[in-house]
1. At 7 Å along Cα-to-Cβ for each site, give me the label-to-label distance between Arg49 and Ala132 in nm.
2. Kirkwood hydrodynamic radius of the stretch 84-134 from all distinct Cα pairs, in Å?
3. Quick one: what do you get for the stretch 23-151 if you divide its Cα Rg by 2.2 N^0.38 Å?
4. Does anything in the stretch 58-97 have its amide N under 19 Å from the 7 Å Cα→Cβ label point of Glu104, and if so which residues?
5. Which residues among the stretch 39-53 fall inside the zone where the amide N is under 12 Å from a point 7 Å beyond the Cα of Ala125, along Cα→Cβ?
6. Please compute the volume of the convex hull spanned by the alpha-carbon atoms of the stretch 1-99 and report it per residue in Å³.
Amino acid sequence: MTEQAVPVSVALPSPAARLQARFEHILRHSMQDMPMVHPALQVRAVGFRPWGEHWLGVLVTPWFMNLMLLPRVAAHWHPIPERESRHFVFPAGVFEFIGAVDAELGNYLACSLFSPMFEFDDMAAACDTAAAALQALFDPAHRGAGPAVEAATPAEAPALSKRAFLFGARQEGDRGA
């Protein structure tokens, strides 16, 4: 009987530099004169770190800020079709990521935090917010009030709204105007 070689799962390097370079190119060539571009901001990949079999970080651009998931161990990456969603459970709650495909980056998943970006005065404020969002993602104190999601599978768990994640969930009686 012959033994088959078992493929070794090799970790891919951080995608931060490639992601930043690609979106800088998009800014220069496709977004330059678009009205949703905040002229005081640049493209920056913030806080990329391993998270399970993925790379997780925040991409700040002059037109959006997204949590990003990209493959870290290619053998364990399960891409989803463009514009379809997948839910992921973090200590702060369940978040919905949308599938995307780029000719240079390949498949990745994005969860929008801000778009457009006009509420940020400068790049420092945007990067500080990106870093705070990543930190809050792993803090169970930011889990919204509502049904428990620990026992739910990611596909059936309710997604925590971006506003509730960043600014705290409202109490049931606090509807606001």
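1. 1.8
2. Values: mean 1/r = 0.0775 Å⁻¹.
In the stretch 84-134 this quantity evaluates to 12.9 Å.
3. Taking the Cα Rg and dividing by 2.2 N^0.38 Å, one obtains 1.09.
4. Residues passing the 19 Å test: 58-66, 68-71.
5. The answer is 40-41.
6. For the stretch 1-99, the hull spanned by Cα atoms encloses 152 Å³ per residue.
Bear in mind these aren't lab numbers, they're just calculated from the coordinates by the rules spelled out. Since this is a predicted model, take the numbers as computed values, not measurements. Don't worry about glycine lacking a Cβ; one is built from the backbone with ideal geometry, like all the others, and counts go over all protein chains shown.
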